[in-house]
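**Q** Structure incoming, see below.
The values are calculated or read from the model by the stated rules, or taken from the named source; none is laboratory data. Please read all numbers here as calculations on a predicted model, not as lab measurements. Here the Cβ positions follow ideal geometry from the backbone for every residue, glycine too, while neighbour counts run over all protein chains shown. Ligands, DNA and RNA are excluded from the accessible area calculation, which covers all protein heavy atoms including side chains. Shrake-Rupley method; radii C 1.70, N 1.55, O 1.52, S 1.80 Å.
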Amino acid sequence: MDKRRKIEEFLEYGGSELFSTLVDSGMTRGDGINALTELLNSYSEVCRFIKGRSAAYRYMLRKAGAKGMLGKRVPDLKKYRLTRAEKEHISKNVGEYIASGGVKRKAVKRAAGVVGVLIFAALTFWLVERYVYSQEYQEHMKGQFLIIENPKQYDDRIVFKISTMSDMQEIFLMELPTLYYQSPSGEIELVPKPPEDSSEEEKITGLGLFYTMEPEKLTLYGWNYGTSLEPGTYRAEFEFYIIDEKGEPQLLTATSKEAKVK
């Protein structure tokens with residue numbers, strides 16, 4: 001779907017709710033419009049990899065929290081409505097941002113420089129070219145970039161804390177990890193269900209699937225997999241991506257992490 005169309009679709013079906021969240025946190029209406037425009041600019045950079053309005057809402061809500069745009073209380077999502085003129089104003093500004101190329105060129109160039117320094121510190125160029133998809137390369141990337149922790153055990157969910165070790169471009173999951181339950185009779189594969197639109201409450205509390213140096217929690221519930229999580233040990237298989245110089249998703253590393261359910 002065209003970027004501009006995705007922006008206009010979000011404004012139509014979720015713009016007023018996100019606008020209410022921003023203004024109800026203490027902003028003026030004008031500041032809320034500017035903040036919403038900034039969030040949509042950020043969303044336009046990655047909108048091709050975010051499936052559904054609920055996921056888009058969660059992504060921009062996380063961005064707003066990271067930028068200090070949100071207050072501590074849960075807002076009234078129906079309190080403020082964007083006028084048609086305001087929607088057109090925001091759509092026009094974001095459209096101009098998209099037409100200018102956004103931050104993609106600058107971000108890709110900066111990220112490529114960081115990745116290049118880290119890779120060449122341990123490997124020569126011909127090894128990277130030859131083994132970019134090999135197990136050795138994946139292990140190297142995992143050791144350089146990725147931290148996955150399972151700080152606490154719960155009886156109804158699995159919680160991971162994910163971050164990177166370098167100030168590089170965002171890495172992201174295109175879908176939730178596959179789980180393998182270690183049952184007495186062998187491994188049982190649990191595949192994530194396709195994402196569906198969430199309730200308004202879930203939109204407020206949900207987290208996106210993009211990660212940086214700032215640790216973010218990823219919570220996996222049984223309903224994400226169409227079942228309940230039985231007590232025992234699980235192995236989560238992750239596939240992390242970055243956006244390459246062509247603006248396409250590129251597999252960064254595939255890795256696994258064990259967790260327990262009480």
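**Q** Among the residues of segment 1-20, write down those that are part of a helix (DSSP H, G or I) and either aliphatic (A, V, I, L, M) or open to solvent by less than 10 Å² (accessible area, probe 1.4 Å) (or both). First the steps, then the outcome.
**A** Step one: filter segment 1-20 for residues part of a helix (DSSP H, G or I), giving 3-13, 15-20.
Once the filter is applied, which keeps residues that are part of a helix (DSSP H, G or I) and either aliphatic (A, V, I, L, M) or open to solvent by less than 10 Å² (accessible area, probe 1.4 Å) (or both), segment 1-20 yields Ile7, Phe10, Leu11, Gly15, Ser16, Leu18, Phe19, Ser20.
**Q** Taking segment 26-41, which residues are surrounded by fewer than 18 Cβ atoms within 10 Å (Cβ to Cβ) and either among the small types (Gly, Ala, Ser) or in a loop (DSSP other than H, G, I, E, B) (or both)?
**A** Of everything in segment 26-41, those that are surrounded by fewer than 18 Cβ atoms within 10 Å (Cβ to Cβ) and either among the small types (Gly, Ala, Ser) or in a loop (DSSP other than H, G, I, E, B) (or both) turn out to be Gly26, Thr28, Gly30.
**Q** All but one of (1) over 13 Å from the mean Cα position of the chain (by Cα); (2) surrounded by 17 or more Cβ atoms within 10 Å (Cβ to Cβ); (3) modelled with pLDDT of 80 or more hold for Arg53; state the number of the condition that does not hold.
**A** Looking at each condition in turn, Arg53 falls short on (3).
**Q** Still on this structure, I have one more. Of everything in segment 75-85, what is at pLDDT below 85 and either of a type in the set (A, V, I, L, M, F, W, C) or crowded, with 17+ Cβ neighbours inside 10 Å (or both)? Give them in sequence order.
**A** Of everything in segment 75-85, those that are at pLDDT below 85 and either of a type in the set (A, V, I, L, M, F, W, C) or crowded, with 17+ Cβ neighbours inside 10 Å (or both) turn out to be Pro75, Leu77, Tyr80, Leu82.
**Q** Quick check on this structure: which one of Arg58, Arg62 is in contact with a strand residue (DSSP E or B) (Cβ under 8 Å, 6 or more places away or on another chain), open to solvent by 10 Å² or more (accessible area, probe 1.4 Å) and assigned to a helix (DSSP H, G or I)?
**A** On the way: Arg58 fails: in contact with a strand residue (DSSP E or B) (Cβ under 8 Å, 6 or more places away or on another chain).
Just a single option satisfies the conditions, and that option is Arg62.
**Q** Conditions: (1) exposed (fewer than 13 other Cβ atoms within 10 Å of the Cβ); (2) under 30 Å from Gly186 (Cβ atoms). Met213 meets all but one. Number of the miss?
**A** Met213 satisfies all of (1) exposed (fewer than 13 other Cβ atoms within 10 Å of the Cβ); (2) under 30 Å from Gly186 (Cβ atoms) except (2).
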